[in-house]
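**Student:** The structure's right below; bear with me while I get my questions together.
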Amino acid sequence: MRAWLSQFVSLSVHKPRQVLLVWALIALASLWAAGARLGVTTDTNTLFSASLPWKRQDVAFNKAFPQFANLIVAVVDGATPEQTAETAKALALAADHDKVHFTSAIEPDALPYYHKNGLLFVDQKTLSPLLDQIVDAQPFIGQLAADPSARGLFAALSLIGVGVEQGQADLTAYGASLGAFHRALQAQIDGPPQALSWQRLLTGAIADMGGSYRFVLLHPRLDYGALEPGGAATAALRALAAQLPDVKSGAARVRITGDVPLADEEFASVAQGMVWGLLGSLVLVVLWLVLAVKSPRLIVPILVTLITGLLATTGFAAVAVGTLNLISVAFAILFVGIAVDFAIQFSVRFREAKHEGMIDGDALMATARRSGVQILVAAAATASGFLAFVPTAFSGVAQLGLIAGVGMLIAFAATLSLLPALLMMTKPPAEAAEIGYRWAGKLGVRFEALRGPILGVFLGLAVAGLMALPRITFDSDPLHTKNPNTEAMRTLADMMQNAVTNPYTINVLADPGQVEALAARLRQVPHVAEVLTEASFVPTDQTAKLAMLADTQSILAPTLSPGSVAVPVKPEDIRQAAQAAAEQLRKAAQKLPADSPLALIAADLGKIQSLPDGRLMAMNDNLTRFLPGELTGLRDALSAKAVTAADLPPEIARDWQAPDGRQRIEVVPKADARAGNGLREFVGAVRAVAPDAGGAAVTIVASADTIITSFRQAAISALIAIAVILLFTLRRVLDASLVMAPLLMSSVLTILLMLTLGLGLNFANIIALPLLLGVGVSFNIYFVMNWRDGLVHPLGSPTARAVMLSALTTGTAFGSLALSRHPGTASMGVLLLLSLAATLIATLVFVPAMLAVLGKAKD
């Protein structure tokens, strides 16, 4: 093998220009292929094999209910429920008219069905006192219906004052409403003025039972040729929202989330981190090379070899996979961090040969004989660590493994052909000093003298690491690998606090005749908070509730339908009404407690009279803006009729009925079952009742199982492949074991470092472990093969210098990943750094002590 590699390098020695031309053509072809064929997808569905049962289940569900996929969700909230609803309605209407960016835009909460039958969904215990309270307020409501202005409002307040003065009004149930009204008046006087919520005044706590958010669901037109396919639609939505009156005034806000913005933001975060990480890595690699090698005649060939190999690997990616995913985009940084080791090893050994007095051609041939096999074994072992993922169902890492694994072989080919050709062209000067570090040699001698205690310490660490292995945690939630500071993630985090909008749900499809029985069984599962079916949208206890509504309507119908239209209000009308109401309320306040809101309202009315006309009319608008709509809504709600499943509008029915006739059941978890083991227990308990259950919660747990299985499979495959490579190359079990022992030791040290720093595994960083099997072999194989060739003190050798320099450059690349704003990428970088540190400790401390015990290698 040494002879073959020497002949391979001799081609570059004797025909360097031809070799350079071949590699230049490869680089140009790779650039063309990357520009023409290479793309990137943010679709997380591509990260796992489509043949997995749970993936097939997801595909089938999305086919049955496409309305739940590829969504932008606008989350609207405002100072009042009415402003929230009005803003959401206006946004949905504006987006629906924008056919350039959206195919549809709906506001699911705004269906007339809900407005008409809203009171039927209130339980009887809450509905009865609410209707009694509304009936008691009949005179007040009648005055407002006849004159829905500030004039009519103040006249209604006068009626309350008369009732209190005559002892005919009990305000106990209206304390909160009167307090809110006082605060609204105070805002009109002191600013900033606010709209008054009549929904809260008339219905109390029921107004907020549906939550503080309204949602607009939008299907955007996606541009898969752009780095952010939904970016244009998201920008258009923000522009539409910014033009809405209540958004402009700050009374309402619109935030954006959904699977499309989440994917766009994640890819933007990942891509930015990768680009800056790659550039930063290259800059720092140059810095390390300048400090360590110094001569431009060595630095330039190394960099050209590295960049050319990266271009060739990118070209291979374009041809082999075509589209990168959120994980495989990391191949470039990993290539730079690992492949530079091969060039450094070759260059350092070349410098050693030059120091011995050899001329360039002879030095290159000698370098090939001395280090070519070592670099080949290191490249093959590293490639094995990557390629071990290719057969797994974790497609995202399998793609990375294929690209990076082949990239290691490309890097080896470039190191033994392009680099020698470049060195023949640049002709670096001869070395005057020894290549190894003297201080490292002295430290190595010390390690060899203390070999017994050192090996004892490592044995203790190995035992501790194996015992600690079960304590390593795996975070299966993909949301935890996303940047939590983006708008979509912050919005989603707020929604997760509410059981209704919590995304960790489970979907079950069942035949219509089995739905209710299955739903009843699911409601008995301890981890389940709520089970929703199509029947959940048909009110219960309708007979009793309709009777209550009919009684209330018979009383209020004349009140809510005034026979004439009020005369338009003028500023002077408002002042007169405010004065009359203030006087009446002062009289009534004498019969009420000192802290009664009526006294405060009376004082407010006194101040209102001195406001200028413009402020008075603005106050009129703010106080009565939502009054007509609320009175109309109350009238419609009181006239509700009995409804059945047949009365459900198509917009609701299609969310619960699949085209094949099956119906959807949605299972919502309790708060303690939305993460970690709680989520796994929730999924397990539900699937025990409904084995075919799917949905976000099932996907999270199933993907975690897939990742762990893939990791085990890849780790075992990598170890076997590396062992075979070592046995084939070294020909002796002992020598292969000497390489594998520090490799396993570095794995154990990595586990201890992870536990010490509180770092767990996730689906992004788990790929670091099999990868470091290959990297660890790279360092160890150099020392062991040099030991076979008679090297006595490895830390003082040029190889040790090359290993230290390689560790700096590799650590630089991994460090750039660790600094990424994307938590998943950052965690991968941190784990790679920890593994690299563990590998260095094992290589530079454990290996010298181990070789010292064995003594000089025997032929």
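**Student:** Test LEU532 against the criterion of being closer than 22 Å to ILE700 by Cβ and buried (at least 19 other Cβ atoms within 10 Å of the Cβ), and give yes or no. Please lay out each step first, then the result.
**Tutor:** On the way: closer than 22 Å to ILE700 by Cβ: yes; buried (at least 19 other Cβ atoms within 10 Å of the Cβ): no.
No: the conditions fail for LEU532.
**Student:** Taking only segment 587-615 into account, find how many residues are over 55 Å from the mean Cα position of the chain (by Cα) and either crowded, with 19+ Cβ neighbours inside 10 Å or in contact (Cβ under 8 Å) with a residue 40 or more places away in the chain (or both).
**Tutor:** Matching residues across segment 587-615 total 5.
**Student:** Looking at segment 393-414, can you tell me whether even one residue there is open to solvent by 10 Å² or more (accessible area, probe 1.4 Å) and not in a helix (DSSP H, G or I)?
**Tutor:** Yes, there is a match, as at least one residue in segment 393-414 is open to solvent by 10 Å² or more (accessible area, probe 1.4 Å) and not in a helix (DSSP H, G or I).
**Student:** Looking at (1) closer than 29 Å to LEU549 by Cβ; (2) without any contact (Cβ under 8 Å) to a residue 60 or more places away in the chain; (3) open to solvent by 50 Å² or more (accessible area, probe 1.4 Å), which one does HIS115 not meet, given that it meets all the others?
**Tutor:** If we test HIS115 against (1) closer than 29 Å to LEU549 by Cβ; (2) without any contact (Cβ under 8 Å) to a residue 60 or more places away in the chain; (3) open to solvent by 50 Å² or more (accessible area, probe 1.4 Å), just (2) comes out false.
**Student:** Next question, about the same structure. List the helices (runs of 4 or more DSSP H) inside segment 627-720, counting only whole elements, that have at least 1 residues being more than 30 Å from the chain's Cα centre (by Cα) and over 23 Å from LEU52 (Cα atoms).
**Tutor:** Where helices (runs of 4 or more DSSP H) fall fully within segment 627-720 and carry at least 1 residues being more than 30 Å from the chain's Cα centre (by Cα) and over 23 Å from LEU52 (Cα atoms), they are 627-638, 650-653.
**Student:** Which of the numbered conditions does LYS15 fail, given that it passes all the others? Conditions: (1) over 23 Å from the mean Cα position of the chain (by Cα); (2) within 27 Å of ALA393 (Cα to Cα); (3) open to solvent by 80 Å² or more (accessible area, probe 1.4 Å).
**Tutor:** (2)
**Student:** With respect to HIS101, determine if the residue is more than 20 Å from PRO503 (Cβ to Cβ), in contact with a strand residue (DSSP E or B) (Cβ under 8 Å, 6 or more places away or on another chain) and modelled with pLDDT of 90 or more.
**Tutor:** yes
**Student:** Looking at ALA488, ALA493, ALA510, which is the one that is open to solvent by 40 Å² or more (accessible area, probe 1.4 Å), over 30 Å from ARG801 (Cα atoms) and not basic (Lys, Arg)?
**Tutor:** Details: ALA488 fails: open to solvent by 40 Å² or more (accessible area, probe 1.4 Å); ALA510 fails: open to solvent by 40 Å² or more (accessible area, probe 1.4 Å).
It is ALA493.
**Student:** Something else now. Taking GLY452, is it surrounded by fewer than 19 Cβ atoms within 10 Å (Cβ to Cβ) and either closer than 30 Å to ALA379 by Cβ or of a type outside the set (A, V, I, L, M, F, W, C) (or both)?
**Tutor:** Here the answer is yes, as GLY452 does meet what is asked.
**Student:** Mind listing just one residue for me: the one in segment 9-46 that is in a helix (DSSP H, G or I) and at pLDDT below 85 and, of those, farthest from LEU423 (Cα to Cα)?
**Tutor:** ASN45
**Student:** In segment 245-275, how many are within 29 Å of ASN70 (Cα to Cα) and either at pLDDT below 75 or aliphatic (A, V, I, L, M) (or both)?
**Tutor:** 17
**Student:** Pull out all pairs, ordered by first then second residue, where Cβ-Cβ is under 9 Å, the residues are six or more apart or on different chains, the first lies in segment 183-204 and is open to solvent by 20 Å² or more (accessible area, probe 1.4 Å), and the second is among the hydroxyl-bearing types (Ser, Thr, Tyr) and at pLDDT 85 or above.
**Tutor:** Qualifying pairs under 9 Å: PRO192/SER249; GLN194/THR80; GLN199/THR80; ARG200/THR80.
**Student:** Return the residue satisfying two criteria in turn: it lies in segment 141-178 and is open to solvent by less than 30 Å² (accessible area, probe 1.4 Å) and touching a Gly at 6+ places or on another chain (Cβ under 9 Å), and of such residues it is farthest from LEU598 (Cα to Cα).
**Tutor:** That would be ALA145.
**Student:** Within segment 80-97, work out how many residues are surrounded by fewer than 18 Cβ atoms within 10 Å (Cβ to Cβ) and in contact with a helix residue (DSSP H, G or I) (Cβ under 8 Å, 6 or more places away or on another chain). Walk me through it before giving the result.
**Tutor:** Going through segment 80-97, the residues surrounded by fewer than 18 Cβ atoms within 10 Å (Cβ to Cβ) turn out to be 89, 93, 96-97.
Narrowing the set further to residues that are in contact with a helix residue (DSSP H, G or I) (Cβ under 8 Å, 6 or more places away or on another chain) leaves 89.
Matching residues across segment 80-97 total 1.
The values are calculated or read from the model by the stated rules, or taken from the named source; none is laboratory data. Remember, predicted model here, so these are calculated numbers, not experimental data. All Cβ positions, glycine included, derive from the backbone under ideal geometry; neighbour counts span all protein chains shown. Heavy atoms of the whole protein, side chains included, go into the accessibility calculation; ligands, DNA and RNA do not. Shrake-Rupley method; radii C 1.70, N 1.55, O 1.52, S 1.80 Å.
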